[in-house]
Amino acid sequence: MYKKIERINVLGVPISNCSLNELLNAIEQCITIKSKISILSCNVRLLNFAYQYKWLRKFINQAEIVCIDGVGVRVGAWLLGHKTVRRLNFTDFFWDLAEKVNSHGFTFFFLGARPGIAEKAAAILKIQFPNLQIAGIYHGYFDKNIGSKENISVINKINTARPNILIVGIGTPLQERWLMENIDQIEANVTMTAGGFFDIFSGPRRRGPRFLTDNGFEWLTRLFIEPRRVWKRYLIGIPLFLWRILKQKFGKIKYPPDK
């Protein structure tokens with residue numbers, strides 16, 4: 001199996017402190033030996049939800065790799081004494097992942113966003129990688145209830161395609177809930193959560209300038225671009241997260257209370 005990756009405890013969640021090469025090598029090795037792993041992208045919002053909900057914390061803790069997707073988690077880890085912490089934003093490393101998939105003949109399945117958005121992402125990718133294999137695409141606006149006809153149909157589409165990598169971009173915590181409830185039935189080597197990646201990659205959702213997003217201020221650009229949608233997430237969520245981090249740092253909490 002792949003090389004063991006260092007883990008950091010942040011609010012009771014084991015975060016993987018891995019480099020891009022370690023992540024890509026883990027994916028390649030998993031596919032090569034026909035194993036299965038889950039790779040989750042972790043930001044402040046996910047950790048705030050995980051602090052509240054036992055089911056989510058349990059699901060995250062069972063994942064093989066949990067990448068730091070936001071600078072807030074990196075700051076939290078730094079406050080807890082972890083000075084060298086790597087951030088792997090899905091949107092930033094996706095081109096490297098696509099290159100790996102293309103060069104090794106692996107396959108993708110895209111699941112998420114509104115109808116037509118993931119298809120547009122696939123078309124953009126095909127310009128750069130004409131031979132890239134995308135085994136299937138399905139939008140994220142389907143009935144996700146266990147046992148529903150549409151949910152069963154989506155799982156059947158994925159399993160018929162048998163992709164090496166399933167990208168799930170339904171948004172937090174819906175994507176984690178859906179994976180938790182269905183992952184045992186999914187025939188894919190690697191499942192990865194991607195949040196709003198398809199919207200950002202395809203263009204409907206704007207991203208801030210690189211000099212801000214590369215230096216920890218993506219949250220600020222999103223607050224300016226979509227204030228009504230994200231203001232609670234950042235103006236309330238970030239201070240709450242940092243308060244909990246400080247409580248962990250000074251021993252007031254060692255792990256989130258079970259609820």
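The values are calculated or read from the model by the stated rules, or taken from the named source; none is laboratory data. The shown structure was predicted, so the numbers you read here are calculated from the model rather than taken from an experiment. We place every Cβ from the backbone using ideal geometry, glycine too, and count neighbours over all the protein chains shown. Calculation scope for accessible area: heavy atoms of the full protein, side chains included, ligands and nucleic acids excluded. Shrake-Rupley method; radii C 1.70, N 1.55, O 1.52, S 1.80 Å.
Does at least one position in region 85-93 carry a residue that is of a type outside the set (Asp, Glu), over 23 Å from Asp199 (Cβ atoms) and not in a strand (DSSP E or B)? Within region 85-93 (the criterion being of a type outside the set (Asp, Glu), over 23 Å from Asp199 (Cβ atoms) and not in a strand (DSSP E or B)), the answer is yes, since at least one residue qualifies. Scanning region 1-15 for residues that are of a type in the set (Val, Ile, Thr) and open to solvent by 10 Å² or more (accessible area, probe 1.4 Å) yields a single hit, Ile5. For region 32-51, a tally of residues being farther than 14 Å from Ile65 by Cβ and in contact with a strand residue (DSSP E or B) (Cβ under 7 Å, 6 or more places away or on another chain) returns 2. Within region 123-149, being in a helix (DSSP H, G or I) and buried (at least 19 other Cβ atoms within 10 Å of the Cβ) holds for one residue alone: Leu125. When you scan region 186-205, do you find a residue that is open to solvent by 30 Å² or more (accessible area, probe 1.4 Å), among the hydrophobic types (A, V, I, L, M, F, W, C), part of a helix (DSSP H, G or I) and modelled with pLDDT of 95 or more, even just one? No, region 186-205 contains no residue that is open to solvent by 30 Å² or more (accessible area, probe 1.4 Å), among the hydrophobic types (A, V, I, L, M, F, W, C), part of a helix (DSSP H, G or I) and modelled with pLDDT of 95 or more.
Table: residues versus (1) within 17 Å of Arg177 (Cα to Cα); (2) buried (at least 18 other Cβ atoms within 10 Å of the Cβ); (3) of a type in the set (Ser, Thr, Tyr).
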| residue | (1), (2), (3) |
| --- | --- |
| Leu46 | yes, yes, no |
| Ala50 | yes, yes, no |
| Leu56 | yes, yes, no |
| Asn61 | yes, no, no |
| Gly72 | no, yes, no |
| His82 | no, no, no |
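Being in contact with a helix residue (DSSP H, G or I) (Cβ under 7 Å, 6 or more places away or on another chain) and at positive phi narrows it down to one of Ala121, Ala98, Ala113, so name that one. Selected residue: Ala113, the only one of Ala121, Ala98, Ala113 that is in contact with a helix residue (DSSP H, G or I) (Cβ under 7 Å, 6 or more places away or on another chain) and at positive phi.
The single condition among (1) assigned to a strand (DSSP E or B); (2) in contact with a Lys or Arg (Cβ under 7 Å, 6 or more places away or on another chain); (3) buried (at least 22 other Cβ atoms within 10 Å of the Cβ) that Cys18 does not meet is (1).
Do we have Ile152 as among the β-branched types (Val, Ile, Thr) and either part of a loop (DSSP other than H, G, I, E, B) or open to solvent by 80 Å² or more (accessible area, probe 1.4 Å) (or both) here? Taking the combined requirement at face value, the residue satisfies it. Among the residues examined, Ile167 qualifies as open to solvent by less than 20 Å² (accessible area, probe 1.4 Å), under 15 Å from Leu97 (Cβ atoms), β-branched (Val, Ile, Thr) and under 20 Å from the mean Cα position of the chain (by Cα).
Of the candidates Lys232, Lys252, the single residue that is at pLDDT 75 or above and either assigned to a loop (DSSP other than H, G, I, E, B) or touching a Cys at 6+ places or on another chain (Cβ under 6 Å) (or both) is Lys252. Within region 39-84, restricting attention to residues that are over 17 Å from Lys247 (Cα atoms), among the β-branched types (Val, Ile, Thr) and not in a strand (DSSP E or B), the residue that is nearest to the chain's Cα centre (by Cα) is Ile60.
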